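K.L.:
Right, I'll just put the structure down here and ask away after.
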Amino acid sequence: MTITCFLPCRKGSERVPRKNIRPIASKPFGLLEIKLEQLLSTTMIDRIILSTNDEEIMDFAASLGNPRLDVRLRDESLASSITSTDELIEYVSSLIDDGHVIWTHVTSPFLDADVYDELLKTYLRELDNGYDSLMTVTELQGFIWDDAGPVNYDRGVEKWPRTQTLTPLYEVNSGAFVASASVYSERKDRIGGNPFKYKLDKVRGFDIDWEEDFQIAEALMCAGVSRV
């Protein structure tokens with residue numbers, strides 16, 4: 001049984017310029033360098049497909065000379081800011097036709113090798129319990145509102161209940177998605193109909209999406225919060 005990692009890493013970023021390979025902390029090739037070190041240190045992942053249209057990323061990956069790392073040049077039509085995740089899911093199906101797929105991102109720098117190995121073991125175990133996929137989530141147990149009012153509590157019953165008693169909600173943090181290749185081909189999705197919610201703490205689930213996120217991540221790394 002093969003477990004393949006899909007790591008999308010396109011050229012350019014509108015919100016954080018050169019986000020993938022901008023130097024961070026002590027890493028000259030930034031988030032990409034961190035993520036490849038983490039993934040190549042796992043014991044559960046057999047192959048890593050790095051999908052990119054960036055020549056600098058391709059050159060750096062080639063310099064590592066690791067046989068587990070498979071660099072694929074992505075067509076520009078699938079590498080724009082308007083490319084949808086659904087389009088990438090179909091692209092993954094064309095690359096991986098058997099085994100299991102873990103989809104992750106360089107923008108989750110605090111997901112290290114130990115966490116990847118543990119969540120993959122959990123995924124394989126939970127397949128026997130009726131789950132068909134796994135996604136990482138952050139548990140939210142606070143006062144959550146939408147435009148209509150409270151979402152997870154009733155102010156008509158109690159205006160300010162203890163947060164410990166609130167019904168938890170789960171934010172998909174995009175740290176990792178795991179499913180079989182058949183889920184991709186049959187459901188056109190990166191999760192199945194019954195995904196296991198793998199909870200990450202706030203640091204492990206931290207995602208870099210904006211400039212301030214990048215600065216926070218660098219501060220955490222310099223403070224020794226992570227093991228990267």
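K.L.:
Are any of the residues in the stretch 62-75 more than 30 Å from LEU124 (Cα to Cα) and either polar (S, T, N, Q) or under 19 Å from the mean Cα position of the chain (by Cα) (or both)?
P.N.:
Yes.
K.L.:
When residues of the stretch 76-102 are filtered for being under 23 Å from GLU118 (Cα atoms) and more than 17 Å from the chain's Cα centre (by Cα), how many remain? Please lay out each step first, then the result.
P.N.:
Kept after step one, since they are under 23 Å from GLU118 (Cα atoms), are these residues of the stretch 76-102: 96, 98-102.
Next, only the ones that are more than 17 Å from the chain's Cα centre (by Cα) stay: 96, 98-99.
Summing the residues that are under 23 Å from GLU118 (Cα atoms) and more than 17 Å from the chain's Cα centre (by Cα) in the stretch 76-102 gives 3.
K.L.:
Given the conditions (1) buried (at least 18 other Cβ atoms within 10 Å of the Cβ); (2) more than 18 Å from the chain's Cα centre (by Cα), and given that SER180 satisfies all but one, which numbered condition is not satisfied?
P.N.:
Going through the list (1) buried (at least 18 other Cβ atoms within 10 Å of the Cβ); (2) more than 18 Å from the chain's Cα centre (by Cα), SER180 breaks only (2).
K.L.:
Starting from the stretch 164-176, keep only residues that are farther than 16 Å from TYR116 by Cα, then list their pairs with residues that are among the hydroxyl-bearing types (Ser, Thr, Tyr) and surrounded by 13 or more Cβ atoms within 10 Å (Cβ to Cβ) whose Cβ atoms are within a distance under 6 Å, requiring at least 6 positions of separation or different chains.
P.N.:
Between residues of the stretch 164-176 that are farther than 16 Å from TYR116 by Cα and residues that are among the hydroxyl-bearing types (Ser, Thr, Tyr) and surrounded by 13 or more Cβ atoms within 10 Å (Cβ to Cβ), the close pairs are LEU166/TYR153; GLU171/THR138.
K.L.:
Restricting the search to the stretch 107-128, which residues are among the β-branched types (Val, Ile, Thr) and under 16 Å from LEU7 (Cβ atoms)?
P.N.:
In the first step, residues of the stretch 107-128 are kept if they are among the β-branched types (Val, Ile, Thr); the result is 107, 115, 122.
Scanning the stretch 107-128 gives THR107, VAL115.
K.L.:
Filter the stretch 187-228 for residues that are small (Gly, Ala, Ser) and farther than 18 Å from SER174 by Cα; which is surrounded by the fewest Cβ atoms within 10 Å (Cβ to Cβ)?
P.N.:
The residue in question is GLY224.
K.L.:
Another question, then. Any idea which of (1) closer than 20 Å to ILE102 by Cβ; (2) modelled with pLDDT of 95 or more is the one VAL157 doesn't satisfy?
P.N.:
Condition not satisfied by VAL157: (1).
K.L.:
Could we say that ASP70 is out of contact with any Cys (no Cβ under 9 Å at 6 or more places or on another chain), without any contact (Cβ under 8 Å) to a residue 40 or more places away in the chain and in a strand (DSSP E or B) here?
P.N.:
So ASP70 fits the description; yes.
K.L.:
Restricting to the stretch 64-106, name every residue that is under 15 Å from CYS5 (Cα atoms), surrounded by 16 or more Cβ atoms within 10 Å (Cβ to Cβ) and hydroxyl-bearing (Ser, Thr, Tyr).
P.N.:
TYR91, SER93, THR104
Let's see how each residue does on (1) farther than 15 Å from TYR131 by Cα; (2) under 17 Å from the mean Cα position of the chain (by Cα):
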| site | (1), (2) |
| --- | --- |
| TYR184 | yes, yes |
| GLY192 | no, yes |
| PRO195 | no, yes |
| LYS202 | yes, yes |
| GLY205 | yes, yes |
| ILE208 | yes, yes |
| PHE214 | yes, yes |
| GLU218 | yes, no |
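The values are calculated or read from the model by the stated rules, or taken from the named source; none is laboratory data. Values in this document were obtained by computation on a predicted structure and should not be read as measured data. Here the Cβ is made from the backbone with ideal geometry for all residues, glycine too, and neighbour counts use every protein chain on show.
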